[in-house]
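Bear in mind that the values in this text are calculations on the coordinates, not laboratory data. Just so we're clear, the structure is a prediction, and the values are computed from it rather than from any experiment. When we count neighbours, we look across all protein chains shown, and the Cβ atoms used for this are built from the backbone with ideal geometry, even at glycine.
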Amino acid sequence: MNRPQVLLVFLPRFGESAHMLRGIAHYERTHQVWAAYHDDQARALEDPTWLRSRPWRGVITRHASEGLVQACAELRIPLVDLDDTPTFWGVPKIRPDNRAIGHLAAEHLLERGHRHFAYVGFSSESYSNERGDGFAESLALVGHACTRLEIPYPGDNRPVWDPPQIEQLTTWLRGLPKPVGILACMDLRAQQVLSAASEAGFLVPEEVAILGVNNDLNRCELSFPPLSSVAPNSFQSGYRAAEILAQALAGGGGTAAIERVEPTGVVTRRSTDVLAIADRVVASALGFIRERACQNISVDDVVRHSHTSRSQLERKFRHFLGRTPQAEIRRIQVATIRTLLQETDFPLKKIAALSGFEHVEYMCVLFKRVTGQSPGAYRRLQATGNSQ
């Protein structure tokens, strides 16, 4: 039996597209309701008449346009829209719960001790306004204000080094109280804030903690420092879109014009992974330790970098962190060992070298003292857990 052909219009340059397609594929694989074709060049948007080239029975897209909506209506082809923009009349739409995204971002930055907050968005985009409103709303509930910088969306994904935007952001950042926790409406905008913070000479995350939205792995992992981001549940959005289309193809009833999907949570990376500390000496020392802990540094190296005495540095660390500079160095090293054991198959000798230990035996002793497990036992336990 020939299964109905469904067109999926998704440009791969958008990070959430891959997760949405996985959700669609999961639904199709478990229900076997159609044969899908991925239009990864969005030809259906450039030339709506292209829809007439094959007997499509349905369309799911992340990039709805008036032309595509009109063409599908004329051909009586059901369309499900995953674009985070205002709705088209009569077209089912799945959108992230943007206010909930803002709420999660506020909770994340509050948990890290921030008392000053800011939001960077696009005034012309409804999703950005909703995220900013949710962020400010949660902060207001606990008595905190939120400074907002919002400009019209420039109309394209300009690079993070676009000079006019970086200059504007740099000037704005200099006027904010520090330390400050900043939510950007999307990961690209967060990258621009990272660039501006670097241009202004601010420590990230010690003075300026930056949080994006969408968890675009390429943008987040390749940023420096790696970018924390609120992850919308794009997989569930794709799955639900497939479910709605299947109902339409089966002659089922209509659905609500719009559905909101809750975000999955915050993926924490280095751009926010530190307690907000107003003391510049401690903030600078923490930044140095995070950068160099796995390069066999000593507390004396941290003291020289911080331009203070060892006794003063020790006192400040105990006051703000409840631990010594040496303990902080070891904490970063152990976290690195954990990551390498879990994510690689490197031998222990290589892991020791990458985490700043000259002797693998000492690394193993320290790791067991801190975690209660040998590196080998920890790796086996992680492998067992991941296979379940």
So for the chain, what are the equivalent ellipsoid semi-axes in whole Å, largest first, each being the square root of 5 times an eigenvalue of the Cα gyration tensor? 45, 27, 17
For the chain, the longest principal axis of the Cα atoms and the Cα long axis of helix 325-343 enclose an angle in degrees, to the nearest 10, of 40 degrees
If you project the alpha carbons of the stretch 280-387 onto their three principal axes, what span does each projection cover, largest first, in Å? 47, 24, 20
Which whole number of Å³ per residue matches the convex hull of the alpha-carbon atoms in the stretch 98-232? 92 Å³
If one takes the longest principal axis of the Cα atoms in the chain, at what angle in degrees, from 0 to 90 and to the nearest 10, does the Cα axis of helix 15-31 lie? 60 degrees
Only Lys, Arg (+1) and Asp, Glu (-1) charged, at Cβ; the stretch 280-387 dipole about Cα centre in debye: 340 debye
Of Pro12, Thr85, Ile337, which is farthest towards the positive pole of the chain's charge dipole, taken about the Cα centre with +1 and -1 on the beta-carbons of Lys, Arg and Asp, Glu respectively? Ile337
For the chain, what proportion of DSSP beta bridges, expressed in % and rounded to the nearest 5, is antiparallel? 10 percent
If every Lys and Arg gets +1 and every Asp and Glu gets -1 at its Cβ, then about the Cα centre the chain yields a dipole, in debye to the nearest 20, of 1320 debye
What the Cα atoms of the stretch 193-292 span along the principal axes, largest first and in whole Å, is 66, 23, 21
What is the calculated FRET efficiency for Gln342 to Phe224, with r their C-beta to C-beta distance and R₀ = 25 Å, to the nearest 0.05? 0.65
Among the aspartates and glutamates, which fall within straight-line cross-link reach of Lys350, defined as a Cα-Cα distance under 15 Å, with same-chain neighbours fewer than 8 residues apart omitted? Glu358, Glu361
Positive-pole candidate from Ala197, Pro179, Ile210, dipole of the stretch 98-232, charges at beta carbon: Pro179
What is the chain's relative contact order, in percent, from Cα pairs under 8 angstrom and six or more apart in sequence? 15 percent
Can you run phi through the Karplus equation (6.51, -1.76, 1.60; θ = phi - 60°) for the stretch 42-49 and list ³J(HN,Hα) in whole Hz, with x for Gly and Pro? 6, 4, 5, 7, 6, 9, x, 5
Among beta bridges assigned by DSSP with both residues in the stretch 131-274, the antiparallel ones amount in percent, to the nearest 5, to 30 percent
For n ≥ 4 DSSP H runs only, could you compute -39500 (n - 2.57) per run for the chain, divide by its residues and tell me the 222 nm figure to the nearest 500? -15500 deg cm²/dmol
How high is the relative contact order of the stretch 98-232, in percent, with contacts defined as C-alpha pairs under 8 Å that are six or more residues apart? 24 percent
Apply the Debye scattering formula to the stretch 1-136, with a single equal point scatterer on each alpha-carbon and no solvent, then give log10 I(q)/I(0) at q = 0.09, 0.11, 0.16 Å⁻¹. -0.36, -0.50, -0.88
Please tell me the relative contact order of the stretch 280-387 in percent, rounded to the nearest whole number, where contacts are Cα pairs under 8 Å and at least six residues apart. 24 percent
What residue among Pro347, Phe320, Ser306 has its Cα farthest toward the positive end of the dipole of the stretch 280-387, where the charges are +1 on Lys, Arg and -1 on Asp, Glu, each on the Cβ? Phe320
Identify the residues of the stretch 36-53 with backbone N under 20 Å of a label point that sits 7 angstrom from the Cα of Gln70 along the Cα-to-Cβ direction, or state none. 42-53
In whole angstrom, how long is each semi-axis of the equivalent ellipsoid of the stretch 110-157, when you take the square root of 5 times every eigenvalue of its Cα gyration tensor and sort them from largest down? 23, 10, 8
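Only four residue types carry charge here, +1 at the Cβ of Lys and Arg and -1 at the Cβ of Asp and Glu. Report the dipole size of the stretch 1-132 about the Cα centre in Debye, rounded to the nearest 20.
340 debye
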Most mobile listed residue (Cys364, Cys220, Cys185) in the chain, GNM with C-alpha springs under 10 Å: Cys364
Specify the angular offset, from 0 to 90 degrees and rounded to the nearest 10, of the alpha carbon long axis of helix 360-371 from the longest principal axis of the alpha carbons in the chain. 70 degrees
From the Cα centre of the stretch 120-149 to that of the stretch 311-361, the distance in Å is 37 Å
